[in-house]
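Note sheet for the following structure.
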Amino acid sequence: MTQTILVPMDYSELSKEALRTTLSLHPDAEVVVLHVIDWHASDMGPGGWGSTPHDWDDWLDEAHEHADGLFEEARDIAAEYDVEITTETTVGEDAQSIVSYAEEHDVDLIVMGSHGRSIPARILLGSVAETVVRRAPVPVLVVR
């Protein structure tokens with residue numbers, strides 16, 4: 001039976017390390033790299049996208065382009081281990097989106113970095129990893 005492992009990735013080194021850890025510990029698993037586009041964590045919050053709906057569309061298109069770059073980097077890391085990965089993008093709040101994905105896609109394990117935000121942002125917004133650990137329907141391995 002193939003194990004499905006979800007690796008949420010942002011632009012932090014710890015999320016890349018979580019992917020490396022996954023690939024080294026579980027070389028035969030199906031690995032899904034998930035990037036959450038979270039407007040809460042953006043500097044362009046509600047009302048900050050300008051005066052037209054096109055401003056939101058432009059912001060979202062740019063966020064997807066950044067995600068494509070992140071996925072290219074993830075594929076390069078996976079190639080070092082001679083493994084292919086699946087990539088997914090979703091728009092929403094980080095922790096809730098990760099938990100929802102795990103619930104909806106029969107994930108067996110979540111492997112994630114302990115933090116991706118700066119210390120002030122973690123204090124103000126809370127730790128995504130901590131929330132996922134508390135709410136996930138499956139075991140969570142947190143990489144530090």
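What follows is calculated from the coordinates using simple rules that are stated; it is not laboratory data. Values in this document were obtained by computation on a predicted structure and should not be read as measured data. Backbone-built Cβ (ideal geometry, glycine too); neighbour counts: all protein chains shown.
Data overview
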{"read-out": "Relative exposure of 39, 56, judged by other C-beta atoms within 10 Å (fewest first)", "value": "56, 39"}
{"read-out": "For 36, 140, order by how many other beta-carbon atoms lie within 10 Å, fewest first", "value": "140, 36"}
